[in-house]
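Novice: Take this structure first; my questions come after.
The values are calculated or read from the model by the stated rules, or taken from the named source; none is laboratory data. Note that the structure is predicted; figures quoted are calculated from it, not measured. All Cβ positions, glycine included, derive from the backbone under ideal geometry; neighbour counts span all protein chains shown.
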Amino acid sequence: MNHSCPICAYPGLEEPPRSPSSGGSYEICPCCGFQFGVTDDDDGVTYDTWRLHWAEEGMEWFSRGVPAPAGWDARAQFAKVASKTSSPPATKTAPQSTKPGPTGVGPDQRRLR
């Protein structure tokens, strides 16, 4: 079953981003690079902050191992979530993380690929 990313609206997540008990799935969205349960719970980055960062960086495909779907259109996908506020429940409120992300640098230092 595919699930949508609440950050970028990518419809191909393998698990729900959060369980009914609010635990993160630890899955990394191949589109925007958000890791549920780590980027939010451990690093304190909200969905809205990551979404804004992803948009400001050009909405580039994040994953190097999972190719973007054929015909992928970041702007059309982003339009599905751009006006929503969907910060996860019970997360810290730090505006940016200084911890390294899955690419080895913090979200404010990396280029999304």
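Novice: Select, from Val38, Val66, the only residue that is surrounded by 15 or more Cβ atoms within 10 Å (Cβ to Cβ) and assigned to a loop (DSSP other than H, G, I, E, B).
Specialist: Going through Val38, Val66 in turn, the sole match is Val38.
Novice: For the range 19-27, check the following and say yes or no: at least one residue is modelled with pLDDT of 95 or more, closer than 16 Å to Ala82 by Cβ and touching a strand residue (DSSP E or B) at 6+ places or on another chain (Cβ under 9 Å).
Specialist: Within the range 19-27, none of the residues are modelled with pLDDT of 95 or more, closer than 16 Å to Ala82 by Cβ and touching a strand residue (DSSP E or B) at 6+ places or on another chain (Cβ under 9 Å).
Novice: From the residues in the range 69-83 that are more than 11 Å from Cys8 (Cα to Cα) and not aromatic (Phe, Trp, Tyr), which one is surrounded by the most Cβ atoms within 10 Å (Cβ to Cβ)?
Specialist: Top of the filtered list is Pro69.
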